[in-house]
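Chemist: What follows is a structure written as structure tokens; I'll ask about it next.
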Amino acid sequence: MSAAIQTINLTKRYGRTVALDQLNLTVAPGTIYGFVGPNGAGKTTTLRMLAGLLEPSSGEIRLLDERLDREGRASQRLVGYMPDFFGVYDDLRVWEYLDFFARCYNLPAAKRRSTVEGLLDLVDLAPKRDAFVQSLSRGMQQRLCLAHALVHDPPILLLDEPASGLDPRARVELRELLRTLRDMGKTIVLSSHILSELAEVCTALGIMQGGRLIASGSLDEVMHQLGNTRRLKLALVRGLEQAQAVLRATPGVGAIEVVEEEAVPSSGVVMLLIEWDGSPEATADLIERLVKAGAGLAAFGSTTNDLEELFLQIATP
Amino acid sequence: MQMLQPNPIIVKELRSRMRGGRPYLILSGYLFGLCLICYGVIRIFEAQAQSGTAIISAHVGQGLFAALALAETLLITFLTPALTAGAVSSEREQLTYDLLLATPLRPGRILSGKLIAALSYVLLLIFAAVPLGSVILLFGGVAPKDLLKVLLLLLAIALAAGMLGLLCSTIAKRTLRATIMTYLIIMTLIVGAYLLVAVRTATTTFGPPSSSRLMAISPFGAMTSIVLQSAQAGGSGMVIDKAMMERSSMGGAMGGNVLLNMQPFSSLTYGLIDNNNVGGSVVQPMYRYAYVGYTLFSIACYWLASHWVRPRRRWRLSLHDLLMAGVFGAVAAAGTYWLQVWPWR
């Protein structure tokens with residue numbers, strides 16, 4: 001199947017500043033793709049270029065195999081865009097707001113009404129149909145803005161920081177909405193600083209830094225590309241020294257850390273955290289040797305650095 | 001298909017602009033202000049009549065005509081930019097501009113929608129005052145043709161001031177800056193017209209011209225020329241007061257209009273009357289130049305604004321530029337022909 005979004009050496013310069021440098025990105029249809037990166041990494045620039053609002057300095061954008069022309073007309077048809085800081089027309093009613101954008105997308109009068117009602121149901125704003133936009137909560141306005149991006153039923157959705165400023169409940173609602181949209185067959189590209197959210201919703205991730213895409217793929221693939229090693233967590237009730245000796249002698253074991261804060265002195269349990277780059281079979285061998293060496297293994301688990309740590313890792317200069 | 005549907009911007013603007021009590025309050029205040037001015041003018045004539053000056057009905061009609069025309073000029077000149085100067089910049093401030101640009105709506109349609117929506121409200125103000133203007137006809141002294149001239153000039157002023165506000169709105173990122181920019185340009189044009197004529201008069205040694213077409217730059221100059229010409233035209237049904245004409249410091253050309261003989265209104269006639277004419281003092285028809293000039297100015301502003309409003313490839317020339325150049329050239333040619341050749345003016 002062809003890519004929903006493909007960029008080839010996409011570059012954006014502002015004078016001498018390179019905001020986006022040779023971006024080669026491929027997003028498969030039906031994916032929820034999340035951009036992670038610190039401020040100024042080029043996430044918004046990328047989304048704005050995909051939405052046809054910014055002209056690339058060089059490179060190419062293809063949306064569903066259609067090359068984006070200089071006027072960005074394909075974007076207007078194929079993309080629904082929600083910017084990071086969006087405004088709403090305060091003096092319009094909720095249905096009028098959506099009706100306005102439906103008119104902007106040239107929807108015929110007969111279809112306009114059903115589209116507006118359908119979208120109000122989808123984003124759960126039907127009870128607020130006749131309310132003024134200014135009277136809506138931030139979360140509701142966010143959903144309304146998302147609804148406006150769906151008014152022409154685009155196959156691709158670009159959402160810049162869709163969860164910013166939302167309370168936890170509104171975030172959960174937004175997450176559910178994104179899943180519903182994915183089930184409807186939409187390809188969704190979003191950026192967010194709420195990283196846990198990306199991990200829960202996104203099927204693929206792109207890590208950006210300094211205008212470059214430094215890793216892209218599924219969460220596991222990204223972790224691997226970033227050299228982010230898996231960790232093993234061991235709970236020992238006895239034989240700490242023997243365990244450490246075995247670990248030091250085992251290839252694939254990196255740093256060994258005794259986690260003091262997780263130790264339970266009354267029970268005599270000691271927690272060990274080790275960097276581990278072994279296969280599942282090597283992991284089984286390691287457990288066997290630990291037990292044979294006399295280590296009292298009370299618990300054993302595998303863990304990876306979470307996105308929060310990953311973000312801090314790339315955001316720290 | 002797109003052209004068959006009404007411009008979404010107009011629909012949205014009209015929905016929101018006419019919402020609440022504010023537009024009706026402005027309209028009521030505008031009409032109330034004009035009524036007060038009419039009442040004031042009638043009181044002035046009453047006072048003059050009581051002091052022994054011969055006042056006839058036509059004088060009152062001319063006085064009301066001058067007062068209403070100039071008051072409406074003032075209101076339209078300064079109210080229209082207030083409606084358009086925030087048209088595009090407020091979209092940027094409200095962070096809704098990106099939402100608009102991401103739609104297939106062309107920047108030109110955004111611009112025309114904003115202009116039409118703003119001007120439709122100004123038109124409402126202008127036409128709401130028409131019944132008040134028709135009271136003038138009851139007093140006499142003013143031909144219906146003169147009222148039509150005033151109406152046309154008000155429309156031309158509204159178009160030019162509105163387009164200037166819209167242009168500034170596309171250039172400035174903030175509405176406040178756009179508004180200040182618009183009013184500064186308008187004030188410069190008004191004051192500049194008088195200054196230019198004053199400098200020209202002062203620097204000409206022999207036979208200094210008492211009138212200049214430059215006065216057409218000022219909406220007040222153009223409007224006053226209609227009022228003066230109406231007063232000068234005996235055929236418009238008005239009885240000219242010969243004694244008053246002789247008393248006039250401007251040589252009688254504005255003699256018929258009692259109001260414009262008074263200070264400070266008489267200063268509005270500066271640069272409008274040609275005293276060097278062999279057949280006697282003649283009011284220069286500045287409004288004719290204003291019709292053509294303001295229309296050309298509006299087209300030029302729209303042309304520039306249609307480039308400034310684009311988010312990308314702002315100064316790339318297109319077929320639209322060819323069309324605009326054609327419209328500008330056609331209006332300029334037709335205007336020149338009308339001003340210089342065509343007998344019906």
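The values are calculated or read from the model by the stated rules, or taken from the named source; none is laboratory data. Nothing here was measured: the structure is a model prediction, and the numbers come from that model. Cβ placement follows ideal geometry from the backbone for every residue including glycine, while neighbour counts extend to all protein chains displayed. For the accessible areas, the whole protein counts, side chains as well, though only heavy atoms, and no ligand, DNA or RNA atoms are used. Shrake-Rupley method; radii C 1.70, N 1.55, O 1.52, S 1.80 Å.
Chemist: Taking the criterion of being open to solvent by 20 Å² or more (accessible area, probe 1.4 Å), at pLDDT 75 or above and at negative phi, would at least one residue in region B:262-284 satisfy it?
Modeler: Step one: list which residues in region B:262-284 are open to solvent by 20 Å² or more (accessible area, probe 1.4 Å), which gives B:262-265, B:267-268, B:270, B:274-282, B:284.
Pick out the ones that are also at pLDDT 75 or above and you get B:284.
Subsequent filtering for residues that are at negative phi retains B:284.
Yes - at least one qualifying residue is present in region B:262-284.
Chemist: If you don't mind, another one. Going through region A:1-45 one residue at a time, which ones are hydroxyl-bearing (Ser, Thr, Tyr) and under 24 Å from A:Phe85 (Cβ atoms)? It would help to see each step written out before you state the result.
Modeler: Step one: filter region A:1-45 for residues hydroxyl-bearing (Ser, Thr, Tyr), giving A:2, A:7, A:11, A:14, A:17, A:26, A:31, A:33, A:44-45.
Answer for region A:1-45, where residues must be hydroxyl-bearing (Ser, Thr, Tyr) and under 24 Å from A:Phe85 (Cβ atoms): A:Thr7, A:Tyr14, A:Thr17, A:Tyr33, A:Thr44, A:Thr45.
Chemist: Any idea how many residues of region B:125-180 are under 30 Å from B:Pro311 (Cβ atoms), part of a helix (DSSP H, G or I) and open to solvent by 30 Å² or more (accessible area, probe 1.4 Å)?
Modeler: So the count comes out to 7.
Chemist: Still on this structure, I have one more. Could you look through region A:210-230, keep only residues that are modelled with pLDDT under 80 and part of a loop (DSSP other than H, G, I, E, B), and pick out the one that is surrounded by the fewest Cβ atoms within 10 Å (Cβ to Cβ)? Explain how you work it out, then say what you get.
Modeler: At the first step, the residues of region A:210-230 found to be modelled with pLDDT under 80 are A:219-230.
Filter once more, so that each one left must be part of a loop (DSSP other than H, G, I, E, B): A:226-229.
Values: A:Leu226: 15, A:Gly227: 8, A:Asn228: 17, A:Thr229: 17.
Among residues in region A:210-230 that are modelled with pLDDT under 80 and part of a loop (DSSP other than H, G, I, E, B), the one surrounded by the fewest Cβ atoms within 10 Å (Cβ to Cβ) is A:Gly227.
Chemist: If you don't mind, another one. Going residue by residue through region B:20-32, is there one that turns out to be surrounded by 14 or more Cβ atoms within 10 Å (Cβ to Cβ), free of Cβ contacts under 8 Å to residues at least 24 places away in the same chain, facing chain A (nearest Cβ under 10 Å) and not in a helix (DSSP H, G or I)?
Modeler: For region B:20-32, residues surrounded by 14 or more Cβ atoms within 10 Å (Cβ to Cβ), free of Cβ contacts under 8 Å to residues at least 24 places away in the same chain, facing chain A (nearest Cβ under 10 Å) and not in a helix (DSSP H, G or I): absent.
Chemist: Right, another one. Which residue is farthest from A:Gly206 (Cα to Cα), if the candidates are limited to region A:9-28 and must be touching a strand residue (DSSP E or B) at 6+ places or on another chain (Cβ under 8 Å) and open to solvent by 60 Å² or more (accessible area, probe 1.4 Å)?
Modeler: If we filter region A:9-28 for residues that are touching a strand residue (DSSP E or B) at 6+ places or on another chain (Cβ under 8 Å), which is where we start, we get A:9-13, A:18-28.
Still in the list and also open to solvent by 60 Å² or more (accessible area, probe 1.4 Å): A:9, A:13, A:18, A:22, A:24, A:26.
Working: A:Asn9: 15, A:Arg13: 21, A:Val18: 19, A:Gln22: 14, A:Asn24: 11, A:Thr26: 10 Å.
Out of the qualifying residues, it is A:Arg13.
Chemist: Looking at A:Ile156 and the list (1) aliphatic (A, V, I, L, M); (2) closer than 20 Å to B:Leu100 by Cβ; (3) over 25 Å from the mean Cα position of the chain (by Cα), which single condition is not satisfied?
Modeler: (3)
Chemist: Right, something else. Any residue at all in region B:83-91 that's touching a Phe, Trp or Tyr at 6+ places or on another chain (Cβ under 7 Å) and within 14 Å of chain A (Cβ to nearest Cβ)?
Modeler: Yes, some residue in region B:83-91 is touching a Phe, Trp or Tyr at 6+ places or on another chain (Cβ under 7 Å) and within 14 Å of chain A (Cβ to nearest Cβ).
Chemist: Now a separate question. Taking helices (runs of 4 or more DSSP H) that do not extend beyond region A:29-130, which have at least 1 residues that are open to solvent by less than 30 Å² (accessible area, probe 1.4 Å) and farther than 30 Å from B:Met18 by Cα? Don't jump to the end; show me each part of the working.
Modeler: Details: elements: A:43-50, A:73-78, A:94-104, A:109-122.
Answer list for region A:29-130: A:43-50, A:73-78.
Chemist: Given the conditions (1) within 13 Å of chain A (Cβ to nearest Cβ); (2) buried (at least 24 other Cβ atoms within 10 Å of the Cβ), and given that B:Lys114 satisfies all but one, which numbered condition is not satisfied?
Modeler: Only one criterion is unmet by B:Lys114, namely (1).
Chemist: Let me ask something else about it. Restricting attention to region A:35-45, does a residue exist that is within 20 Å of A:Asp153 (Cβ to Cβ), within 11 Å of chain B (Cβ to nearest Cβ) and in contact (Cβ under 8 Å) with a residue 24 or more places away in the chain? Before you say what the answer is, go through the steps one by one.
Modeler: The first filter runs over region A:35-45 and keeps only residues within 20 Å of A:Asp153 (Cβ to Cβ), leaving none.
There is no residue in region A:35-45 that is within 20 Å of A:Asp153 (Cβ to Cβ), within 11 Å of chain B (Cβ to nearest Cβ) and in contact (Cβ under 8 Å) with a residue 24 or more places away in the chain.
Chemist: Same structure again: Checking B:Leu105 against (1) assigned to a helix (DSSP H, G or I); (2) within 14 Å of chain A (Cβ to nearest Cβ); (3) open to solvent by less than 10 Å² (accessible area, probe 1.4 Å); (4) over 19 Å from A:Asp91 (Cα atoms), which single condition isn't satisfied?
Modeler: B:Leu105 satisfies every listed condition except (1).
Chemist: Mind checking which residues of region A:98-134 are within 12 Å of another protein chain (Cβ to nearest Cβ) and under 19 Å from A:Glu173 (Cβ atoms)?
Modeler: Across region A:98-134, the qualifying residues are A:Leu98, A:Val133.
Chemist: Evaluate the following for B:Pro6: is it modelled with pLDDT under 90, closer than 30 Å to B:Tyr287 by Cβ and within 14 Å of another protein chain (Cβ to nearest Cβ)?
Modeler: On the way: modelled with pLDDT under 90: yes; closer than 30 Å to B:Tyr287 by Cβ: no; within 14 Å of another protein chain (Cβ to nearest Cβ): yes.
Against the criterion (modelled with pLDDT under 90, closer than 30 Å to B:Tyr287 by Cβ and within 14 Å of another protein chain (Cβ to nearest Cβ)), B:Pro6 does not qualify.
Chemist: In addition: Which of the residues belonging to region A:55-79 are farther than 20 Å from A:Leu107 by Cβ and at the interface with chain B (Cβ under 7 Å from one of its Cβ atoms)?
Modeler: Hits for region A:55-79 are A:Glu55, A:Arg70.
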